[in-house]
Amino acid sequence: MNQQEIKVCVMRVGGTNCDAETQRAFLELRVQSEILHVNELIKRKNLLDYHVLVFPGGFSFGDYVRSGVIFARHLSAKLGKEMETFIDEGRPILGICNGFQILVEYGLLPGLEGLSIYPEATLTTNEPAGFKCQWIYLKQENKGKCIFTDKITTGKVLKMPIAHGEGRLLFPKEKEKEMLTKLIDNDMVVFRYCDQNGNIADNKYPINPNGSTYDIAGICNKEGNIFGLMPHPERAMYWWQQPNWTLKQKMLQYGDGKLIFQSIIDNLVKKC
């Protein structure tokens, strides 16, 4: 597949944000990218025209009930068959912030045994509570499973912003140890919160800004083609999005977020 043939669907509903930034990141890398309201896809039934599906950040449907749950259930009810085919064919799916919450509520992540009927985990209220909007550091923990981090060396420290009130990844208490072991053994842990030197947060605030279990900031499924993360790579795409942007003469053209978008594009080109 030529790079210019790749088609990305950035799906949105009321309350979604950062869809334009996410689309722009893909367009910058010379692939086709469209922002589509879920109702357009329901009406046209053309989800399978796209090679990559992205759920961007925001507060879908106002995050009533739980973050991401209404969008997930609406999607399952109205586009379930198309989603099932998209998943069965191993097409890449990316969930950013609210998108990560949607993937968990849909049952796609953690995905220890494939798609689950009920959520296996939750992304819940930050600890300490409150909306966190800041730049944080991440350590790349994946050893090659996740196709969204192909261009990121294991152990590399990245800098990206977060903006969420419910980013604390939790597992059922009685299954937490077992699930964590499976995530680690199956190379499904992708990003963990750390300091600028790469030292893992060890659940210390503010290095871990939300109290997430095992300092997890992003995970993938067992196949590595479905990836959810709380930080916003689309907000760390360009030099002028960095908090120290006034020092442009000392900065690269792109930020660390580009590595995620470039990884999936290169993977699709290589694969096809």
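Throughout, read-outs are computed from the coordinates displayed, never taken from laboratory work. Quantities reported herein were computed from a predicted structural model and do not represent experimental measurements. Cβ sites come from the backbone with ideal geometry, for glycine too, and all protein chains shown count toward neighbours.
Here are the numbers for the structure shown:
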quantity	calculated
Cβ pairs under 6 Å, 6+ apart, first in region 171-185 and within 22 Å of K145 (Cα to Cα), second β-branched (V, I, T) and surrounded by 15 or more Cβ atoms within 10 Å (Cβ to Cβ)	L183/V189
Unique residue being of a type in the set (K, R) and in contact with a strand residue (DSSP E or B) (Cβ under 8 Å, 6 or more places away or on another chain) when the list is R66, R73	R66
Some residue of region 6-21 being closer than 19 Å to I87 by Cα, in contact with a strand residue (DSSP E or B) (Cβ under 7 Å, 6 or more places away or on another chain) and assigned to a helix (DSSP H, G or I)	no
Cβ pairs under 8 Å, 6+ apart, first in region 1-25 and over 24 Å from V69 (Cβ atoms), second in a loop (DSSP other than H, G, I, E, B) and small (G, A, S)	A25/G257
Residue within region 219-242 that is part of a loop (DSSP other than H, G, I, E, B), in contact with a strand residue (DSSP E or B) (Cβ under 6 Å, 6 or more places away or on another chain) and over 24 Å from E105 (Cα atoms) present	no
Options M188, M179: the member that is crowded, with 21+ Cβ neighbours inside 10 Å and either under 20 Å from the mean Cα position of the chain (by Cα) or under 26 Å from R91 (Cα atoms) (or both)	M188
Meets criteria (among the acidic types (D, E), over 26 Å from G257 (Cα atoms) and part of a loop (DSSP other than H, G, I, E, B)) for E84	no
Within region 87-144, considering residues that are of a type in the set (A, V, I, L, M) and part of a strand (DSSP E or B), the one surrounded by the most Cβ atoms within 10 Å (Cβ to Cβ)	I96
Any hit, region 212-223, residues being closer than 21 Å to I136 by Cβ, in contact (Cβ under 8 Å) with a residue 24 or more places away in the chain, buried (at least 24 other Cβ atoms within 10 Å of the Cβ) and not hydrophobic (A, V, I, L, M, F, W, C)	yes
Residues (polar (S, T, N, Q) and surrounded by fewer than 17 Cβ atoms within 10 Å (Cβ to Cβ)) located in region 191-211	Q196, N197, N199, N203
Candidates F61, F100, F55 - the one that is within 26 Å of T122 (Cβ to Cβ), touching a residue at least 60 places away in the same chain (Cβ under 8 Å), touching a Phe, Trp or Tyr at 6+ places or on another chain (Cβ under 9 Å) and aromatic (F, W, Y)	F100
